[in-house]
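Before anything else, here's the structure in question.
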Amino acid sequence: MMRSCTAALRTLRVLRCRLEGAFPAARHPVLARRWFSTEKVIPKDQALPNPSWSKDLRLLFDQFMKKCEDGSWERLPSYKNSKLVKEQLSQAQLFTRGYEDGLGFEYVMFYNDDEKRTVCLFQGGPYLQGVPGFLHGGAIATMIDATVGVCAAIPGGIVMTANLNINFKRPIPLCSVVVINSQLDKIEGRKLFLSCDVRSGVDEKILYSEATSLFIKLDPEKSLT
Ligand SMILES: CCCCCCCCCCCCCCCC(=O)SCCNC(=O)CCNC(=O)[C@H](O)C(C)(C)COP(=O)(O)OP(=O)(O)OC[C@H]1O[C@@H](n2cnc3c(N)ncnc32)[C@H](O)[C@@H]1OP(=O)(O)O
């Protein structure tokens, strides 16, 4: 009896280690509950105003919503991105959407199909600080990549960033609002070339950053690993 209990405990311990190795989230009590729960997750559209949005972000949002009325622009809901996420990773999400309201990346994107342009209205919160008082360059790069990524993915399908060049011209104050304006410049086979600039919100007077990027449409014949 004693021996079979010890063996059962050992088996349980081995199984737990294997589970934690395969799914690191299993080590985290909250994540483990979510990953292994059978509850259906209802996606929330995070590309809509919430109380953390500043007056400027709301103003720009309203202006773009007006532009959507004639159908030239379209607001992109945040949960549509989950189209690209495989079923077994249904708890995975774009990391920019993992923060509580106002602390990290607050943004909404709009797409213009005729002009092949994506505009992102972005307010970077206090958890994205680099040099005190200013946004971290990695956070800016992330939002540039996400904006040009959407601009490439809508016409191109499943694409990945192969190259991203950014010139940081002025530091972006934390919690301010910027407009990231990106466009598809050309397509050559599987290669999509895009450019983008980041300007101060509302007046667009300050040019904060400029970027160019190359996205590659994935070849279904090739493995990613
Ligand atoms: C309705 C709304 C729906 C919206 C829904 C949208 C949701 C969507 C949201 C996405 C928003 C987040 C956007 C994040 C995007 C990432 O964060 S992606 C992550 C970072 N990137 C990576 O990890 C990529 C790593 N690299 C790779 O896996 C591979 O190098 C690549 C990029 C897949 C290319 O590999 P490959 O398919 O084998 O291509 P390969 O044959 O080597 O090259 C093809 C051509 O490209 C050229 N090339 C390749 N790499 C380079 C390079 N770095 N420089 C110059 N040329 C290059 C080659 O020379 C070749 O040229 P040609 O000879 O044809 O003229």
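The values are calculated or read from the model by the stated rules, or taken from the named source; none is laboratory data. Worth saying up front: this structure is predicted, and the values here are computed from it rather than measured. Every residue, glycine as well, gets a Cβ built from its backbone with ideal geometry; the counts of neighbours run over all protein chains shown. What goes into the accessible areas is simple: the full protein's heavy atoms, side chains included, and nothing from ligands, DNA or RNA. Shrake-Rupley method; radii C 1.70, N 1.55, O 1.52, S 1.80 Å.
Once amide H atoms are built 1.01 Å from N in the peptide plane, which residues 5 or more positions from residue 135, or in another chain, come under 5 Å H to H?
Here the answer is 130, 172, 174, since their amide H atoms fall under 5 Å of that of residue 135.
What percentages, rounded to whole numbers, describe P(r) for the stretch 116-182 computed over all alpha carbon pairs with 5 Å bin width beginning at zero?
4, 17, 26, 24, 15, 10, 4, 1
When ranked by the protection proxy of mean other Cβ atoms within 10 Å per residue, highest first, what sequence do the peptides 147-154, 215-222 form? Working shown, then result.
Numbers: 147-154: 23.1, 215-222: 12.8.
Going by the mean number of other Cβ atoms within 10 Å, highest first, we get 147-154, 215-222.
Among 175, 147, 189, whose Cα projects farthest towards the positive end of the dipole of the stretch 44-217, with charges put on the beta-carbon of Lys, Arg (+1) and Asp, Glu (-1)?
Farthest along the dipole direction, towards plus: 189.
How much length is gained if the chain between residue 92 and residue 44 is pulled fully straight, taking 0.36 nm per residue apart and subtracting their Cα-Cα distance, in nm to one decimal?
On the way: separation 48, 0.36 × 48 = 17.28 nm, distance 1.38 nm.
This chain segment gains 15.9 nm when fully extended.
Additional query: Highest mean first, how do 136-143, 188-195 rank when packing is the count of other Cβ atoms within 10 Å averaged over residues?
Numbers: 136-143: 17.9, 188-195: 16.0.
For the peptides 136-143, 188-195, the packing ranking is 136-143, 188-195.
Using each residue's phi in the stretch 154-167, evaluate 6.51 cos²θ - 1.76 cosθ + 1.60 at θ = phi - 60° and report the 3J(HN,Hα) Karplus result to the nearest Hz, with x for Gly and Pro.
Result, ordered by residue: 5, x, x, x, 7, 10, 10, 6, 9, 8, 9, 10, 10, 9 Hz.
Can you pick out the pairs among 44/66; 169/205; 116/186; 55/116; 44/116 whose Cα atoms lie more than 19 Å from each other? Don't skip to the end; give the middle numbers.
Values: 44/66 23 Å; 169/205 13 Å; 116/186 10 Å; 55/116 28 Å; 44/116 26 Å.
Pairs exceeding the cut-off: 44/66; 55/116; 44/116.
Counting heavy atoms of the protein chains only and a 1.4 Å probe, report the per residue accessible area for the stretch 82-225 as a whole number of Å². Intermediate values should be presented prior to the final figure.
Working: 7640 Å² over 144 residues.
For the stretch 82-225, the per-residue accessible area is 53 Å².
Can you tell me how the stretch 44-217 classifies by the Cα gyration tensor, rounded, prolate or oblate, using a/c under 1.5 as the rounded cut?
Working: a/c = 1.27, a/b = 1.21, b/c = 1.05.
It is rounded, given that a/c, with a ≥ b ≥ c, falls under 1.5.
Then there's this: Around residue 201, which amide H atoms from residues at least 5 apart in sequence, or from another chain, sit under 5 Å from its own amide H, with H modelled in the peptide plane?
177, 178, 179
Next question. Carbon and sulfur: what percent of the stretch 44-217's accessible surface (1.4 Å probe)?
Here it works out to 53 percent.
Given 0.36 nm per residue, what is the gain on full extension from residue 131 to residue 66 after removing their alpha carbon distance, in nm? Kindly include the intermediate steps, with their values, before the conclusion.
Details: separation 65, 0.36 × 65 = 23.40 nm, distance 3.61 nm.
The residue 131-residue 66 span can extend by a further 19.8 nm.
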